[in-house]
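Quick notes on the structure that follows.
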Amino acid sequence: RKLKECEKAVQKIRFEEAISVGDEEKRSVADSIDYRIIEVEPQYTGPRVDGDTITLDFVKAMLDEFEKQKCIHKRYAYQIVLQTVQLLRSVPSLVDVNVPDGSHFTVCGDVHGQYFDLLNIFKLNGLPSEENPYLFNGDFVDRGSFSVEVILTLFAFKCLYPTGMYLARGNHESKSMNKIYGFEGEVRSKLGEAFIELFAEAFCCLPLAHVINNKVFVVHGGLFSVDGVKLSDIRAIDRFREPPEEGLMCEVLWSDPQPQLGRGPSKRGVGLSFGADVTKKFLQENNLDLVVRSHEVKDEGYEIEHDGKLITVFSAPNYCDQMGNKGAYIRFTAPELKPNISSFSAVPHPDVKPMAYANNFLRMFQ
(Lines give C-alpha, C1' and ligand atoms only; values in the text may rest on other atoms or scores of the structure.)
Protein backbone atom coordinates (compact mmCIF):
# COMPACT_ATOMS: atom_id res chain seq x y z
CA ARG A 1 0.00 0.00 0.00
CA LYS A 2 2.83 2.37 0.89
CA LEU A 3 4.72 1.46 -2.27
CA LYS A 4 1.66 2.16 -4.47
CA GLU A 5 1.09 5.49 -2.74
CA CYS A 6 4.73 6.42 -3.32
CA GLU A 7 4.60 5.36 -6.99
CA LYS A 8 1.47 7.49 -7.49
CA ALA A 9 3.22 10.51 -5.92
CA VAL A 10 6.28 10.04 -8.15
CA GLN A 11 4.09 9.68 -11.25
CA LYS A 12 2.22 12.88 -10.37
CA ILE A 13 5.50 14.83 -9.98
CA ARG A 14 6.80 13.49 -13.33
CA PHE A 15 3.56 14.40 -15.08
CA GLU A 16 3.66 17.93 -13.66
CA GLU A 17 7.26 18.31 -14.80
CA ALA A 18 6.38 17.06 -18.28
CA ILE A 19 3.58 19.58 -18.81
CA SER A 20 5.30 22.51 -17.10
CA VAL A 21 6.53 25.40 -19.24
CA GLY A 22 10.10 26.68 -19.25
CA ASP A 23 11.14 29.55 -17.00
CA GLU A 24 11.30 31.97 -19.92
CA GLU A 25 7.60 31.32 -20.68
CA LYS A 26 6.37 31.73 -17.13
CA ARG A 27 4.64 34.90 -16.09
CA SER A 28 5.17 36.25 -12.60
CA VAL A 29 2.29 35.24 -10.35
CA ALA A 30 2.91 38.26 -8.11
CA ASP A 31 2.70 40.66 -11.04
CA SER A 32 -0.66 39.22 -12.13
CA ILE A 33 -2.46 39.85 -8.80
CA ASP A 34 -3.98 43.15 -7.65
CA TYR A 35 -5.04 42.79 -4.03
CA ARG A 36 -6.80 46.18 -4.15
CA ILE A 37 -9.68 44.83 -6.24
CA ILE A 38 -10.46 42.02 -3.77
CA GLU A 39 -13.54 42.94 -1.77
CA VAL A 40 -13.70 42.45 1.99
CA GLU A 41 -17.15 41.24 2.95
CA PRO A 42 -19.07 43.33 5.54
CA GLN A 43 -19.41 40.26 7.78
CA TYR A 44 -15.60 39.91 8.06
CA THR A 45 -14.72 40.73 11.68
CA GLY A 46 -10.94 40.32 11.59
CA PRO A 47 -8.24 43.03 11.40
CA ARG A 48 -8.23 45.36 8.39
CA VAL A 49 -5.57 47.34 6.55
CA ASP A 50 -6.60 50.85 5.61
CA GLY A 51 -5.03 51.48 2.20
CA ASP A 52 -1.60 50.20 1.22
CA THR A 53 0.30 50.63 4.50
CA ILE A 54 0.54 47.73 6.95
CA THR A 55 0.60 49.12 10.50
CA LEU A 56 1.80 47.77 13.82
CA ASP A 57 -1.78 47.79 15.11
CA PHE A 58 -2.85 45.57 12.22
CA VAL A 59 0.06 43.16 12.79
CA LYS A 60 -0.67 42.88 16.52
CA ALA A 61 -4.36 42.23 15.78
CA MET A 62 -3.33 39.62 13.21
CA LEU A 63 -1.13 37.84 15.78
CA ASP A 64 -4.12 37.70 18.13
CA GLU A 65 -6.31 36.22 15.37
CA PHE A 66 -3.73 33.57 14.62
CA GLU A 67 -3.46 32.71 18.29
CA LYS A 68 -7.22 32.01 18.26
CA GLN A 69 -6.69 29.79 15.18
CA LYS A 70 -8.46 32.26 12.89
CA CYS A 71 -7.12 33.51 9.57
CA ILE A 72 -7.03 37.01 8.12
CA HIS A 73 -8.93 37.95 4.95
CA LYS A 74 -7.30 36.81 1.71
CA ARG A 75 -7.03 40.43 0.55
CA TYR A 76 -4.64 41.19 3.43
CA ALA A 77 -2.75 37.91 3.01
CA TYR A 78 -2.19 38.82 -0.64
CA GLN A 79 -1.13 42.33 0.35
CA ILE A 80 1.45 41.03 2.84
CA VAL A 81 2.98 38.53 0.41
CA LEU A 82 2.98 40.86 -2.61
CA GLN A 83 4.56 43.74 -0.71
CA THR A 84 7.20 41.36 0.69
CA VAL A 85 8.00 40.12 -2.83
CA GLN A 86 8.59 43.72 -3.96
CA LEU A 87 10.97 44.29 -1.04
CA LEU A 88 12.87 41.02 -1.52
CA ARG A 89 13.31 41.42 -5.28
CA SER A 90 15.43 44.50 -4.71
CA VAL A 91 18.02 42.93 -2.39
CA PRO A 92 21.15 41.00 -3.48
CA SER A 93 21.64 37.27 -2.92
CA LEU A 94 24.06 38.15 -0.10
CA VAL A 95 22.82 40.99 2.12
CA ASP A 96 25.15 43.22 4.14
CA VAL A 97 23.68 44.08 7.54
CA ASN A 98 24.98 47.13 9.39
CA VAL A 99 24.56 47.16 13.18
CA PRO A 100 25.60 50.52 14.70
CA ASP A 101 27.82 50.55 17.79
CA GLY A 102 25.76 50.01 20.93
CA SER A 103 22.90 48.41 18.97
CA HIS A 104 22.00 44.72 18.91
CA PHE A 105 20.87 42.19 16.31
CA THR A 106 19.15 38.81 16.88
CA VAL A 107 19.61 35.71 14.71
CA CYS A 108 17.05 32.89 14.89
CA GLY A 109 17.25 29.46 13.27
CA ASP A 110 14.58 27.11 11.91
CA VAL A 111 11.03 27.77 13.14
CA HIS A 112 9.31 25.09 11.01
CA GLY A 113 5.72 26.21 11.40
CA GLN A 114 5.81 26.33 15.22
CA TYR A 115 3.86 29.57 15.50
CA PHE A 116 3.34 29.52 19.26
CA ASP A 117 7.08 29.10 19.83
CA LEU A 118 7.66 32.03 17.46
CA LEU A 119 5.36 34.16 19.63
CA ASN A 120 7.39 33.03 22.64
CA ILE A 121 10.61 34.28 21.00
CA PHE A 122 8.98 37.70 20.60
CA LYS A 123 7.79 37.56 24.22
CA LEU A 124 11.31 36.74 25.46
CA ASN A 125 13.29 39.03 23.15
CA GLY A 126 10.80 41.71 22.10
CA LEU A 127 8.81 42.28 18.91
CA PRO A 128 10.82 43.04 15.76
CA SER A 129 11.40 46.73 15.05
CA GLU A 130 14.09 48.97 13.55
CA GLU A 131 15.59 49.17 17.07
CA ASN A 132 15.19 45.42 17.73
CA PRO A 133 16.06 43.79 14.38
CA TYR A 134 15.92 40.06 13.64
CA LEU A 135 17.27 37.70 11.04
CA PHE A 136 15.29 34.48 10.60
CA ASN A 137 17.69 32.06 8.96
CA GLY A 138 15.43 29.89 6.80
CA ASP A 139 13.06 26.93 7.23
CA PHE A 140 10.11 29.04 8.34
CA VAL A 141 7.60 26.45 7.08
CA ASP A 142 6.88 22.68 6.82
CA ARG A 143 6.55 20.00 9.50
CA GLY A 144 4.81 22.25 12.04
CA SER A 145 1.14 22.79 11.21
CA PHE A 146 1.03 26.56 11.75
CA SER A 147 3.34 27.43 8.86
CA VAL A 148 0.87 29.84 7.22
CA GLU A 149 0.70 31.82 10.46
CA VAL A 150 4.50 31.84 10.77
CA ILE A 151 5.19 33.01 7.21
CA LEU A 152 2.50 35.70 7.21
CA THR A 153 3.83 36.99 10.56
CA LEU A 154 7.43 37.17 9.35
CA PHE A 155 6.40 38.72 6.02
CA ALA A 156 4.17 41.26 7.78
CA PHE A 157 7.05 42.40 9.99
CA LYS A 158 9.22 42.62 6.85
CA CYS A 159 6.64 44.99 5.33
CA LEU A 160 6.39 46.96 8.55
CA TYR A 161 10.13 47.23 9.24
CA PRO A 162 12.23 46.44 6.12
CA THR A 163 15.48 46.82 8.13
CA GLY A 164 14.00 45.34 11.30
CA MET A 165 13.27 41.93 9.79
CA TYR A 166 15.75 40.06 7.60
CA LEU A 167 14.80 36.73 6.05
CA ALA A 168 17.05 34.07 4.50
CA ARG A 169 16.06 31.12 2.37
CA GLY A 170 16.28 27.62 3.83
CA ASN A 171 16.14 24.27 2.07
CA HIS A 172 12.43 24.04 3.00
CA GLU A 173 11.57 27.21 1.10
CA SER A 174 11.16 25.18 -2.08
CA LYS A 175 8.33 23.55 -4.02
CA SER A 176 9.58 19.98 -3.68
CA MET A 177 9.89 20.17 0.12
CA ASN A 178 6.59 22.05 0.55
CA LYS A 179 4.79 19.43 -1.52
CA ILE A 180 5.93 16.65 0.82
CA TYR A 181 6.30 18.16 4.30
CA GLY A 182 3.01 19.99 4.76
CA PHE A 183 3.22 23.63 3.69
CA GLU A 184 1.51 23.15 0.32
CA GLY A 185 -1.39 21.25 1.88
CA GLU A 186 -1.71 23.81 4.68
CA VAL A 187 -1.76 26.73 2.22
CA ARG A 188 -4.41 24.96 0.14
CA SER A 189 -6.53 24.38 3.25
CA LYS A 190 -6.20 27.84 4.83
CA LEU A 191 -5.79 30.25 1.90
CA GLY A 192 -6.61 28.35 -1.30
CA GLU A 193 -4.82 27.00 -4.36
CA ALA A 194 -3.80 30.39 -5.80
CA PHE A 195 -1.46 31.09 -2.89
CA ILE A 196 0.68 27.98 -3.51
CA GLU A 197 2.42 29.40 -6.59
CA LEU A 198 2.57 32.86 -5.01
CA PHE A 199 4.49 31.58 -1.97
CA ALA A 200 6.77 29.53 -4.26
CA GLU A 201 7.61 32.72 -6.15
CA ALA A 202 8.13 34.66 -2.91
CA PHE A 203 10.54 31.98 -1.65
CA CYS A 204 12.61 32.34 -4.84
CA CYS A 205 13.09 36.02 -3.94
CA LEU A 206 14.60 35.27 -0.52
CA PRO A 207 18.33 36.07 -0.21
CA LEU A 208 20.74 33.20 0.47
CA ALA A 209 23.12 34.69 3.06
CA HIS A 210 23.83 37.70 5.26
CA VAL A 211 27.02 39.29 6.58
CA ILE A 212 26.80 41.31 9.81
CA ASN A 213 29.27 44.23 10.03
CA ASN A 214 31.72 42.46 7.69
CA LYS A 215 32.41 39.96 10.51
CA VAL A 216 29.67 37.32 10.87
CA PHE A 217 28.59 35.17 7.93
CA VAL A 218 25.03 33.81 8.37
CA VAL A 219 23.67 31.10 6.07
CA HIS A 220 21.04 28.39 6.45
CA GLY A 221 23.07 25.30 5.60
CA GLY A 222 26.79 25.75 5.35
CA LEU A 223 29.94 26.00 3.28
CA PHE A 224 31.18 24.72 -0.04
CA SER A 225 32.63 21.73 -1.87
CA VAL A 226 35.49 23.86 -3.25
CA ASP A 227 37.95 26.27 -1.64
CA GLY A 228 38.25 29.86 -2.72
CA VAL A 229 34.57 30.86 -2.65
CA LYS A 230 34.38 34.61 -2.09
CA LEU A 231 31.47 36.65 -0.78
CA SER A 232 31.26 38.19 -4.26
CA ASP A 233 30.58 34.70 -5.69
CA ILE A 234 27.61 34.28 -3.34
CA ARG A 235 26.38 37.77 -4.13
CA ALA A 236 26.46 36.90 -7.84
CA ILE A 237 24.26 33.76 -7.55
CA ASP A 238 21.05 33.94 -9.59
CA ARG A 239 18.73 32.87 -6.80
CA PHE A 240 15.37 33.51 -8.49
CA ARG A 241 14.62 29.83 -9.12
CA GLU A 242 14.03 26.55 -7.39
CA PRO A 243 17.21 25.27 -5.70
CA PRO A 244 19.43 23.13 -7.96
CA GLU A 245 20.84 19.76 -6.89
CA GLU A 246 24.46 20.93 -6.93
CA GLY A 247 26.57 24.06 -6.92
CA LEU A 248 26.91 27.03 -4.56
CA MET A 249 23.18 27.69 -4.14
CA CYS A 250 22.50 24.06 -3.26
CA GLU A 251 25.38 23.97 -0.78
CA VAL A 252 24.44 27.13 1.14
CA LEU A 253 20.99 25.59 1.70
CA TRP A 254 21.92 21.97 2.46
CA SER A 255 25.48 21.53 3.81
CA ASP A 256 26.38 20.53 7.39
CA PRO A 257 29.53 20.73 9.53
CA GLN A 258 31.37 17.54 10.48
CA PRO A 259 33.85 16.86 13.34
CA GLN A 260 36.53 15.45 10.97
CA LEU A 261 38.75 17.69 8.90
CA GLY A 262 38.24 18.01 5.17
CA ARG A 263 35.02 17.27 3.35
CA GLY A 264 32.76 14.25 3.24
CA PRO A 265 29.44 13.08 1.80
CA SER A 266 26.26 14.52 3.30
CA LYS A 267 24.11 12.28 5.47
CA ARG A 268 21.16 13.97 3.73
CA GLY A 269 22.21 12.93 0.24
CA VAL A 270 22.33 16.60 -0.85
CA GLY A 271 25.14 19.08 -0.26
CA LEU A 272 28.19 17.95 1.74
CA SER A 273 29.77 17.79 5.17
CA PHE A 274 32.70 20.13 5.89
CA GLY A 275 35.33 20.22 8.64
CA ALA A 276 36.92 22.90 10.81
CA ASP A 277 39.74 23.45 8.31
CA VAL A 278 37.18 24.35 5.61
CA THR A 279 35.49 26.81 7.97
CA LYS A 280 38.81 28.37 9.01
CA LYS A 281 39.97 28.81 5.41
CA PHE A 282 36.67 30.35 4.27
CA LEU A 283 36.74 32.85 7.15
CA GLN A 284 40.39 33.78 6.47
CA GLU A 285 39.88 34.21 2.74
CA ASN A 286 36.91 36.51 3.32
CA ASN A 287 38.27 38.36 6.36
CA LEU A 288 35.43 37.14 8.60
CA ASP A 289 35.30 36.02 12.25
CA LEU A 290 32.39 33.57 12.54
CA VAL A 291 29.94 31.36 10.63
CA VAL A 292 26.38 31.11 11.98
CA ARG A 293 24.10 28.51 10.41
CA SER A 294 20.93 26.58 11.24
CA HIS A 295 19.47 23.51 9.48
CA GLU A 296 20.03 20.94 12.28
CA VAL A 297 18.10 20.25 15.48
CA LYS A 298 20.30 20.57 18.60
CA ASP A 299 19.50 19.47 22.16
CA GLU A 300 20.13 22.92 23.65
CA GLY A 301 18.94 24.79 20.56
CA TYR A 302 22.52 25.52 19.54
CA GLU A 303 25.97 23.98 19.22
CA ILE A 304 29.40 25.63 18.98
CA GLU A 305 31.84 23.73 16.74
CA HIS A 306 35.01 24.11 14.67
CA ASP A 307 37.15 25.68 17.39
CA GLY A 308 34.45 28.23 18.20
CA LYS A 309 34.30 29.50 14.60
CA LEU A 310 30.92 27.96 13.74
CA ILE A 311 27.62 28.12 15.64
CA THR A 312 24.45 26.20 14.74
CA VAL A 313 21.24 27.85 15.98
CA PHE A 314 17.85 26.11 15.83
CA SER A 315 14.70 27.85 17.05
CA ALA A 316 12.01 25.13 16.98
CA PRO A 317 11.90 23.62 20.51
CA ASN A 318 10.49 20.11 20.96
CA TYR A 319 10.77 19.79 17.21
CA CYS A 320 7.79 17.95 15.67
CA ASP A 321 6.38 17.57 19.22
CA GLN A 322 8.75 14.68 19.87
CA MET A 323 12.44 15.64 19.94
CA GLY A 324 12.50 17.18 23.43
CA ASN A 325 15.11 19.75 22.35
CA LYS A 326 15.28 23.38 23.39
CA GLY A 327 15.22 26.26 20.92
CA ALA A 328 17.71 29.12 20.88
CA TYR A 329 18.49 32.52 19.40
CA ILE A 330 21.70 34.54 19.29
CA ARG A 331 21.92 38.23 20.14
CA PHE A 332 24.92 40.17 18.83
CA THR A 333 25.81 43.64 20.17
CA ALA A 334 28.05 45.94 18.11
CA PRO A 335 30.91 46.62 17.87
CA GLU A 336 32.25 43.41 19.47
CA LEU A 337 29.51 41.15 18.02
CA LYS A 338 30.13 38.59 20.75
CA PRO A 339 27.41 35.92 20.43
CA ASN A 340 25.05 35.94 23.41
CA ILE A 341 23.01 32.72 23.13
CA SER A 342 19.64 32.22 24.85
CA SER A 343 17.92 28.83 25.05
CA PHE A 344 14.20 28.40 25.63
CA SER A 345 11.72 25.56 26.01
CA ALA A 346 8.62 24.77 23.97
CA VAL A 347 5.27 26.30 24.91
CA PRO A 348 1.85 24.62 24.57
CA HIS A 349 0.01 24.87 21.27
CA PRO A 350 -3.49 23.89 20.07
CA ASP A 351 -4.03 20.19 19.46
CA VAL A 352 -3.04 20.14 15.79
CA LYS A 353 -0.33 17.57 15.21
CA PRO A 354 2.82 18.28 13.20
CA MET A 355 2.56 17.19 9.56
CA ALA A 356 -1.24 17.43 9.76
CA TYR A 357 -1.30 18.74 6.18
CA ALA A 358 1.55 16.59 4.84
CA ASN A 359 1.57 14.35 1.81
CA ASN A 360 -0.55 11.19 2.40
CA PHE A 361 2.43 8.95 1.80
CA LEU A 362 4.40 10.53 4.65
CA ARG A 363 1.44 10.43 7.02
CA MET A 364 1.53 6.62 6.88
CA PHE A 365 4.77 6.72 8.84
CA GLN A 366 3.47 9.01 11.61
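The values are calculated or read from the model by the stated rules, or taken from the named source; none is laboratory data. As the structure is a prediction and not an experimental result, all values here were calculated from the model. Quick reminder, even Gly has a Cβ in these numbers, built from the backbone with ideal geometry, and neighbours come from all protein chains shown. These accessible areas exclude ligands, DNA and RNA; they are computed on the full protein's heavy atoms, side chains included. Shrake-Rupley method; radii C 1.70, N 1.55, O 1.52, S 1.80 Å.
For region 80-132 and region 195-209, write down the distance between their C-alpha centroids in whole Å.
16
Give the long-range amide H neighbours of Leu272: residues separated by 5 or more places, or on another chain, with amide H under 5 Å away, using H modelled in the peptide plane at 1.01 Å from N.
Ser255, Asp256
Once the Cβ-Cβ distance between Lys4 and Leu261 is put in as r, and R0 is 56 Å, what FRET efficiency do you end up with, to the nearest 0.05?
0.80
In a Gaussian network model over the chain where Cα atoms closer than 10 Å are linked, find which of His220, His112, His73 has the largest mean-square fluctuation.
With Cα springs under 10 Å in the chain, the top fluctuation among His220, His112, His73 is at His73.
Mind scanning Lys267/Lys298; Lys190/Lys326; Lys309/Lys353 and naming the pairs with a C-alpha gap bigger than 25 Å? Could you put the intermediate results ahead of the total?
Details: Lys267/Lys298 16 Å; Lys190/Lys326 29 Å; Lys309/Lys353 37 Å.
Exceeds cut-off: Lys190/Lys326; Lys309/Lys353.
Percent of alpha carbon pairs in the chain separated by more than 41 Å?
Numbers: 5848 of 66795 pairs.
So the pairs more than 41 Å apart make up 9 percent of the total in the chain.
First compute the accessible area of region 52-205 with a 1.4 Å probe, then give the percent of it belonging to carbon and sulfur atoms. Intermediate results must be reported in sequence, preceding the final value.
Values: 2340 of 4640 Å².
Carbon-and-sulfur percentage of accessible area, whole number: 50.
Positive end of the dipole of region 26-364, charges at C-beta (+1 Lys, Arg; -1 Asp, Glu), about the Cα centre: which of Leu118, Leu253, Val291 has its Cα farthest in that direction?
So the residue furthest toward the plus end is Leu253.
On a 1.4 Å probe surface of the protein chains, which of Lys60, Lys179 comes out largest in accessible area, and what is the full order?
Accessible-area ranking of Lys60, Lys179, largest first: Lys60, Lys179.
Counting only helical runs of four or more DSSP H residues, what would the 222 nm mean residue ellipticity of the chain come to if each run contributes -39,500 (n - 2.57) and the total is spread over all its residues?
Mean residue ellipticity, 222 nm, calculated: -10000 deg cm²/dmol.
Give the accessible area for Thr279 in Å² (nearest 10); use a 1.4 Å probe, count only protein heavy atoms, and leave out ligands, DNA and RNA.
Solvent-accessible area, nearest 10 Å²: 0 Å².
Counting DSSP beta bridges in region 26-364, what percent are antiparallel, to the nearest 5?
Numbers: 21 of 40 bridges.
Just about 50 percent of them are antiparallel.
Residue farthest toward the positive end of the dipole of region 135-277, with Cβ of Lys/Arg at +1 and Asp/Glu at -1: which of Ser225, Phe240, Met165?
Result: Met165.
What is the calculated FRET efficiency for Val40 to Glu303, with r their C-beta to C-beta distance and R₀ = 41 Å, to the nearest 0.05?
Efficiency, from the Cβ-Cβ distance: 0.30.
Considering only Phe58, Phe122, Phe314, give the residue with the highest GNM mean-square fluctuation for the chain, with springs between Cα atoms whenever their separation is below 10 Å.
Of Phe58, Phe122, Phe314, the most mobile in the Gaussian network model is Phe122.
Find how much the distance from Asp52 to Arg331 grows on full extension, using 0.36 nm per residue of separation minus their present alpha carbon separation; answer in nm with one decimal.
Full extension of this stretch gives 97.2 nm more.
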